[in-house]
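Visitor: First the structure, then my questions, so here it is.
The values are calculated or read from the model by the stated rules, or taken from the named source; none is laboratory data. Because the structure is a prediction, the values reported are computed rather than measured. FYI the Cβ positions are ideal-geometry reconstructions off the backbone, even for glycines, and counts take in every protein chain you see. Areas reflect the complete protein model, heavy atoms only, side chains present, ligands, DNA and RNA absent. Shrake-Rupley method; radii C 1.70, N 1.55, O 1.52, S 1.80 Å.
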Amino acid sequence: IFTDRPNVTDAVNTLSAGTFQIEAGYLYQSFSSSTNFTTYPNLSFKYGIVDWFELRLLTNYQRFEQNLDGANSEVSGFSPLTISPKIKLTEQTTWVPKFSLATSFTFPDIGEEAFQNDKLNYGFRLLLENENGLPWSGGFGSDWGDSGETTWAYSWTTGASLSEKVGFFVEIYGYFANDIDSQHSVDGGFTYLVNNNLQADIIAGFPLNKFAPDFIFGFGLAWKTHFKN
């Protein structure tokens, strides 16, 4: 089983035709002692249409908490709905990594009003993976939100297997644009393969600059089944 969670870098592989996968988890982000952002169950539904094309449906239940000068405020509810097709572009050769393209389309006027978009938001990630030598994968792309400004994003991760069931990873990632403060972070965690169709994970992360979250923590599960077997 290969998953998009728990880190930022999406899996380069696409699901085989007829494979259905659910990924879910909990993620906590603290931006200061007074601001916290929580998402759960961080749902992702994925289905392999053909071996080179995967369709993903993403949604979250979110809670934003803030305490300013002793005044508490909280907003919670569902995030907008995102449809995210992913297309396999190339397989790896000796020197050229594997490539995929992941797109995303987030629809307006869906979910909790405080989290809604005013118009269609969209973006893409060019994903790449190298399996020779020290394995690594990464992504680079951009997003266009309500403001129309371009937000650039990058991520890079590497890891290894500690046993047949336990793996670990480390990752750096970030976002930058003209109209927002750049955020750069590092995270790491472990995965545990319960069986060939079920995997558990845990992650923690820390900031690389003052605008990134002060701390992140999360855990979750991924499960798959084959409808065509």
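Visitor: With every protein chain kept in the model, how would you rank Lys88, Lys210, Lys165 by accessible area, 1.4 Å probe, largest at the top?
Guide: Lys210, Lys165, Lys88
Visitor: I'd like the Karplus ³J(HN,Hα) series for the stretch 169-178: coefficients 6.51, -1.76, 1.60, θ = phi - 60°, whole numbers in Hz, and an x wherever there's a Gly or Pro.
Guide: Rounded to whole hertz, the list is 8, 10, 8, 10, 7, x, 9, 8, 6, 6.
Visitor: Turning to a different aspect of this structure: Determine, from the Cβ-Cβ distance of Phe227 and Ile202 and an R0 of 25 Å, the FRET efficiency 1/(1 + (r/R0)^6), rounded to the nearest 0.05.
Guide: Efficiency computed from Cβ-Cβ geometry: 0.30.
Visitor: Something else: Which order do you get for Leu134, Leu43 if you rank them by accessible area with a 1.4 Å probe, largest at the top? Spell out each step's value before the answer.
Guide: On the way: Leu134 120, Leu43 45 Å².
From most accessible down to least: Leu134, Leu43.
Visitor: Shifting gears a bit: Highest GNM mean-square fluctuation, the chain, Cα pairs closer than 10 Å: which of Asn132, Asn209, Asn36?
Guide: Among Asn132, Asn209, Asn36, the largest GNM mean-square fluctuation belongs to Asn132.
Visitor: GNM on the chain, C-alpha springs below 10 Å: top fluctuator among Thr103, Thr158, Thr94?
Guide: Thr94
Visitor: Jot down the radius of gyration and Dmax of the stretch 77-138, Cα atoms only, both in angstrom.
Guide: 16.5, 49
Visitor: For the stretch 55-171, what does the equivalent ellipsoid look like in terms of its semi-axes, each the square root of 5 times an eigenvalue of the Cα gyration tensor, given largest first in whole Å?
Guide: 34, 20, 13
Visitor: Need one number: the % of Cα-Cα pairs in the stretch 143-198 sitting beyond the 16 Å mark.
Guide: Result: 59 percent of Cα pairs exceed 16 Å.
Visitor: Pairs Lys86/Lys119; Lys46/Lys210; Lys98/Lys210; Lys86/Lys210; Lys119/Lys224: which exceed 30 Å Cα-Cα?
Guide: Over 30 Å Cα-Cα: Lys46/Lys210; Lys98/Lys210; Lys86/Lys210; Lys119/Lys224.
Visitor: Carbon and sulfur atoms: what percent of the 1.4 Å accessible area of the chain do they account for?
Guide: 61
Visitor: Another question, then. Before I look further, what does the chain give for accessible area per residue, probe 1.4 Å, in whole square angstrom?
Guide: It amounts to 52 Å² per residue over the chain.
Visitor: Additional query: Provide the convex hull volume over Cα atoms per residue for the stretch 7-104, in Å³.
Guide: 113
Visitor: Give me the compactness ratio for the chain, meaning the Cα radius of gyration over 2.2 N^0.38 Å.
Guide: Its radius of gyration relative to the 2.2 N^0.38 Å reference: 1.02.
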